[in-house]
Structures are given as C-alpha cells and as structure tokens.
Amino acid sequence: MTFLFNSDARRGAIFADAFARDLPEVPFSMDPEAVNPDAVRYLLTWTVPENLPRYRNLEIIFSMGAGVDQFQGAAIPESIKIVRLIEDGLSRMMQEYVTLAVLALHRNLPRYLAQQKRAVWHMIDQTPAGERRVGVLGLGALGQAVLERLQPFGFLRAGWSRSPRLLDGVTCHSGAGGLDCLLAATDILICLLPLTAETRGILSADLFRKLPQGAALVHVGRGPQLDHAALIDALDSGHLSGAMVDVTDPEPLPPGHAFWSHPGILLTPHVASMTQPQLAAPAITANIRRHQAGLDPLGLVDRRRGY
Ligand code: NDP
Ligand code: OXD
C-alpha cells in the first residue's frame with residue numbers, strides 16, 4: 001500500500017516527514033518509476049498523470065488544492081475517490097486575502113491609487129461598514145471562513161449556495177432564484193464558487209447588471225467563471241467601481257491584456273490561498289486514517305455535482 005506524491009521535491013520532503021511520523025505503515029514515494037504500480041493506493045497530484053491506468057489498485061486521488069476542476073474531463077474510473085483539500089491553512093490564507101480585498105474596495109483603494117498616479121489629493125465620501133453589503137457566491141469551506149472573518153468589521157453579510165444554508169448573522173440565499181436576490185442587495189461581491197458546467201461564465205454582463213450601481217467584485221474562484229470583457233465594460237461604464245481579481249483565464253494573462261493596466265482592477269497572480277505542505281500533509285494523513293476506518297474522507301467530491 002503506497003502513497004505516491006506527484007509534486008515538487010521541496011514539498012515532497014515535508015510530506016515524507018509527515019508520513020514517517022503520522023502514518024509510518026503507508027510507504028511514501030515521490031518516484032513513479034521506482035514504485036510498484038500495483039501497490040499505489042493513494043495519489044496526491046494537481047493534475048491527472050497520463051499514465052493513471054497503470055495504478056490499477058488506486059483508491060483515492062487527493063487534489064493538491066481546494067479546487068478539483070483540473071480533473072474534469074480526465075478518464076478517472078468511478079471506483080476512484082476524488083478528494084479536495086480542506087485544511088485550516090488554506091482557509092486562513094483565503095480569509096486574509098478576501099479581507100484585504102474587501103477593505104481595499106470598501107475604502108476606495110483603486111480610486112486613491114489612480115489619484116496618486118495623477119498627483120490628485122481628493123477625499124471620496126466614505127460609506128460606513130455597517131451600510132456596506134458584502135455577498136459571497138459559494139458558502140462552502142472557504143466562503144463560510146471568509147464570512148466569519150469579515151464579521152467584526154460590521155459589514156452586512158449575505159451568501160449564495162446551491163442548497164439552502166443557515167449561517168449565524170448571514171442572509172443566506174440558494175438556487176437560481178436566490179441569486180438575483182443576493183445580487184440586488186450586494187455592494188461587494190466575492191466569488192468563491194468551484195468551477196463546474198453551471199458556474200463557468202457566471203460573472204457575466206448579465207450578472208453585473210443585476211448588481212447595484214457602484215458595486216465591486218472580488219474574484220477568487222476560477223478564471224473561466226469571469227467574462228473579462230464584461231468586467232472591463234462594467235468598470236468603464238461606471239456601473240462597477242472596482243475589482244480585485246486573483247484568477248483569470250488564461251493564467252498567466254498575456255502581455256497587453258487590459259487587466260494589467262486597468263485603473264479599476266487590482267490584480268494578483270492566483271495567490272489568494274496557497275497550499276502549505278506543513279499544514280496540508282497532516283490533513284492528508286488524517287484523511288487516510290478516516291478512509292482506512294471506513295469513513296468518507298473529508299472533501300470527498302461528488303462526481304455528479306463536479307465539486
Ligand atoms: P466547497 O466545495 O466547500 O464549496 C463550494 C460552494 O459553492 C458550496 O457552498 C456550493 O453549494 C456552492 N456552489 C457550487 N456550485 C453552485 C451553483 N451552481 N450554484 C450555487 N452555489 C454553488 O469549496 P471551497 O469553499 O473549499 O472552495 C471554493 C473554490 O475556491 C474552489 O473550488 C476553488 O475554485 C477556489 N479556490 C481558489 C483559490 C485561490 O487561490 N484563488 C484557493 C483555493 C480555492 P452547496 O453548499 O449547496 O454545495
Ligand atoms: C486551490 C488553489 O484550489 O490554489 O487550492 O486555487
């Protein structure tokens with residue numbers, strides 16, 4: 001029974017230590033050439049390797065991150081469980097990033113940066129936090145974590161998910177009908193949805209029109225959810241006041257792309273949350289123990305829903 005690690009050697013060394021300490025009975029390997037393919041039960045990877053069929057006894061593919069959209073379209077036998085990464089480190093980094101983004105947009109940072117470039121000293125009227133409505137698309141592990149972290153600032157908080165949710169202090173909407181209600185009452189919209197057939201292209205001109213005048217966007221889901229031209233149009237027309245964008249399609253953006261220089265956009269290179277091996281490794285060894293005890297691993301993907 002072997003765990004095969006398919007990522008970089010620096011992270012691999014940290015995982016190797018965690019396996020030796022926490023799960024010594026499961027041999028750990030970073031070398032696909034050296035392992036007996038029939039012994040491989042667990043694979044940790046970001047993308048599906050071409051030679052997947054050689055691992056005939058594979059039980060679980062662990063994603064190196066929270067997202068599993070990179071596995072879509074790969075021929076993964078139904079018998080193999082796909083598990084996304086859920087652990088506190090990922091949530092904490094996402095909380096930091098989204099707090100940074102929400103505060104930057106709430107306090108008009110893109111406009112002040114543009115003013116600074118033009119040597120303009122001008123005070124913009126400030127909406128109090130208690131009147132600012134923050135809406136989160138996606139109320140999963142990360143959506144809930146960021147809503148919790150935003151609570152002390154006093155923002156009015158709401159969210160949207162597929163199935164109904166009940167969260168303390170958060171106005172929860174669900175399903176297709178619930179989306180319009182959320183949008184109509186959101187000043188800062190945060191996208192934390194997984195990429196699926198239903199969420200591809202969701203951040204569209206139509207969606208932006210449903211937001212109030214002057215609303216802003218934080219996009220930390222996945223690049224193909226955002227229509228780039230629609231965002232530029234909404235910013236240029238003044239309907240949206242700003243955006244902080246962490247994920248794009250493609251990544252990286254090509255030279256000359258409008259997002260590099262648009263004064264309304266704060267752009268980061270897909271860094272909102274990053275897997276930290278020293279935290280991810282114990283989460284994965286614990287998840288293997290759950291699986292071995294006959295429980296579903298945390299983060300088990302529902303293949304029909306796609307997340
Ligand atoms: P979860 O699977 O825990 O949560 C997903 C949420 O989205 C759930 O609330 C789910 O609804 C909701 N959802 C999914 N599809 C729909 C739909 N069609 N309509 C309405 N709601 C929907 O995911 P995580 O919170 O762990 O992660 C979310 C995403 O964040 C990842 O998939 C990844 O794309 C992105 N991410 C980005 C990072 C970055 O650095 N930029 C880092 C890590 C993740 P329900 O509750 O009903 O199931
Ligand atoms: C993830 C990511 O899915 O980094 O973890 O985007």
(request) For every other residue with a beta carbon closer than 11 angstrom to the beta carbon of PRO269, add +1 if it is Lys or Arg and -1 if Asp or Glu, then tell me the sum. (result) -2
(request) Could you check how much of the accessible area of segment 228-307 is carbon and sulfur, as a whole percent, using a 1.4 Å probe? (result) 58
(request) Net charge near LEU207: determine it from the other residues with C-beta under 12 Å of the C-beta of LEU207, scoring Lys and Arg +1 and Asp and Glu -1. (result) -1
(request) Take the alpha-carbon centre of segment 259-289, take the same for segment 33-89, and report the distance between them in whole Å. (result) 19
(message) Please report the net charge: other residues with Cβ closer than 10 Å to the Cβ of SER63, K and R +1, D and E -1.
(response) 0
(message) Once you keep just the Cα pairs under 8 angstrom separated by 6 or more residues, what percentage relative contact order results for the chain?
(response) 18
(request) Determine the shape class of segment 179-268: with a ≥ b ≥ c the square roots of the Cα gyration tensor eigenvalues, call it rounded for a/c under 1.5, and otherwise prolate if a/b is greater than b/c, oblate otherwise. (result) oblate
(request) Residues in segment 4-46, backbone N under 17 Å from the label point at ASN57 (7 Å along the Cα-to-beta-carbon vector): list them, ranges by number please. (result) 4-5, 25-29, 32-44
(request) Ratio to report: Rg/Rh of the chain, with Cα atoms as the point set and Rh obtained by the Kirkwood method; give two decimals. (result) 1.02
(message) If I build a Gaussian network model for the chain, linking alpha-carbon pairs within less than 10 angstrom, which residue out of PRO164, PRO277, PRO152 has the largest mean-square fluctuation?
(response) PRO152
(request) As a check on your grasp of the helix formula, calculate [θ] at 222 nm for the chain: sum -39500 (n - 2.57) over DSSP H runs of n ≥ 4, divide by the residue count, round to the nearest 500. (result) -9500 deg cm²/dmol
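The values are calculated or read from the model by the stated rules, or taken from the named source; none is laboratory data. The structure displayed is predicted, hence computed values, not measured ones. No Cβ is skipped: glycine too gets one built from the backbone with ideal geometry, and neighbour counts run over all protein chains shown. SASA here: full protein model, heavy atoms, side chains in, ligands and nucleic acids out. Shrake-Rupley method; radii C 1.70, N 1.55, O 1.52, S 1.80 Å.
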